[in-house]
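One structure below.
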Amino acid sequence: GDSVTQMEGPVTLSEEAFLTINCTYTATGYPSLFWYVQYPGEGLQLLLKATKADDKGSNKGFEATYRKETTSFHLEKGSVQVSDSAVYFCALSYNQGGKLIFGQGTELSVKP
Amino acid sequence: DTAVSQTPKYLVTQMGNDKSIKCEQNLGHDTMYWYKQDSKKFLKIMFSYNNKELIINETVPNRFSPKSPDKAHLNLHINSLELGDSAVYFCASSQGAGAPNSPLHFGNGTRLTVT
């Protein structure tokens, strides 16, 4: 079946460091891909998305490119801030009634 | 003006009890969802409703019964609670059944602890 795998956390970085959170997927078709972010005590918020191969999603300095050949959707940011500390979830969807298949989440902690 | 609101935020109860979690959205969306997040933060869909009609029931035990009185509300009733039901339950909504250009909006979650 379809699945999403993310790198294990927690990831701890210093402020202004470069961030990469790896995400790979297994899919039987051509899903849309998403990154959601969960700040402490809150629900998930959509960070960015890509709906087809080679699309790049970007928001708030984060970006991810839909790579069909490597079945990946890695999240990157050039310079992280303390306020980026959160749990990041990669997900895929075929729009089947809104069913998102999530990865296990990667906790990011950014130190000043 | 919270977009998706859930109550209660915390729920502590004993095994065997029956409890409900309520969810309301004021975004005018026509689709609502319940997701379960376990202790390892793994998220999985439980149910989705589109215009009050059940469209996804993801092999959830029948002790869990969602009810959608109108398209702005989706409640979750759980009978005979078990220890394994302890989790954070998230309500979400979207316009249309999850189209890529209509992302899900999540509530802040209800942390259920069964003792």
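The values are calculated or read from the model by the stated rules, or taken from the named source; none is laboratory data. In this text the structure is predicted, and so the values were computed from the model without any measurement. Cβ sites come from the backbone with ideal geometry, for glycine too, and all protein chains shown count toward neighbours. Note: areas computed on protein heavy atoms with side chains; ligands, DNA, RNA excluded. Shrake-Rupley method; radii C 1.70, N 1.55, O 1.52, S 1.80 Å.
Looking only at the stretch A:96-111, filter to residues that are open to solvent by 60 Å² or more (accessible area, probe 1.4 Å) and in contact (Cβ under 8 Å) with a residue 24 or more places away in the chain; which one of those is farthest from the other protein chains (Cβ to nearest Cβ)?
A:K111
Would you mind stating whether B:L81 is open to solvent by less than 30 Å² (accessible area, probe 1.4 Å), outside any strand (DSSP E or B), more than 9 Å from chain A (Cβ to nearest Cβ) and modelled with pLDDT of 95 or more?
It is true that B:L81 is open to solvent by less than 30 Å² (accessible area, probe 1.4 Å), outside any strand (DSSP E or B), more than 9 Å from chain A (Cβ to nearest Cβ) and modelled with pLDDT of 95 or more.
For the stretch B:52-72, check the following and say yes or no: at least one residue is among the small types (G, A, S) and part of a strand (DSSP E or B).
Yes - at least one qualifying residue is present in the stretch B:52-72.
Search the stretch B:55-71 for residues being within 13 Å of the chain's Cα centre (by Cα) and open to solvent by less than 80 Å² (accessible area, probe 1.4 Å), and hand back the single one that is nearest to the other protein chains (Cβ to nearest Cβ).
Top of the filtered list is B:I56.
For the stretch A:23-72, name all the residues that are open to solvent by 30 Å² or more (accessible area, probe 1.4 Å), within 19 Å of A:E8 (Cα to Cα) and part of a strand (DSSP E or B).
A:T24, A:T26 - these are the residues of the stretch A:23-72 that are open to solvent by 30 Å² or more (accessible area, probe 1.4 Å), within 19 Å of A:E8 (Cα to Cα) and part of a strand (DSSP E or B).
Quick check: is even one residue across the stretch B:28-37 open to solvent by 60 Å² or more (accessible area, probe 1.4 Å), within 14 Å of another protein chain (Cβ to nearest Cβ) and in a strand (DSSP E or B)?
Scanning the stretch B:28-37 turns up no residue that is open to solvent by 60 Å² or more (accessible area, probe 1.4 Å), within 14 Å of another protein chain (Cβ to nearest Cβ) and in a strand (DSSP E or B).
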